[in-house]
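Derivation of every value follows stated rules applied to the coordinates shown; laboratory data play no part. Everything quoted here is computed from the prediction, not taken from an experiment.
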Amino acid sequence: GVLFWFAVLGIPGAVAYRSIRVARHLFPAGTDQRPAFDTVLGVLNWPAVALMTLSVALMTDFDRVLDRFDTRADRWRFPARLLDDLAGAVCGAAERDEVDAESAPLADGLRDGRQLARRVLALWLAVVALLLLIGVIA
């Protein structure tokens, strides 16, 4: 979220997003202000989570991502937890050609997570490079 709002609005956008996140955590769960901060944070997270969902679907198994997306009741709200579910579906159920008997499951999960992050970053680097080439970003 911070990187998305930094790209859109610059430093004020990143500071505003981070300030709202910190303010949300300052109020306990039972206070009256907490639902308001949850709503604002949900609105601010929506475009970032939507773009990340699209990029994960494009760079991995689209059908598996779509199946996991369709099973959620709150899928069109694009909650931040959706990215955890998608990463679990893509990385956890990925078929491995090389199975190392000595590697721990945590190490496999970390390796898969790094691979997923590299794929998504490669897509966004290509998009930014394309935007630079056509002159949208100066």
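Observations on the structure shown:
- Using equal-weight Cα scatterers in the Debye expression, the normalised intensity of the chain in log10 at q = 0.15, 0.21 Å⁻¹ is -0.92, -1.26.
- Computed from Cα positions, the angle between helix 34-59 and the longest principal axis of the chain comes to roughly 30 degrees.
- Computed from phi, the 3J(HN,Hα) profile of the stretch 3-20 under the Karplus parametrisation 6.51, -1.76, 1.60 (θ = phi - 60°) reads 5, 4, 6, 5, 5, 7, 10, x, 4, x, x, 5, 5, 5, 4, 5, 5, 5 Hz, with x in place of Gly and Pro.
- Per residue of the chain, the DSSP helices (runs of n ≥ 4 H) give a summed -39500 (n - 2.57) that works out to -23500 deg cm²/dmol at 222 nm.
- Between 0 and 90°, nearest 10: helix 105-134 axis offset from the chain longest Cα axis: 70
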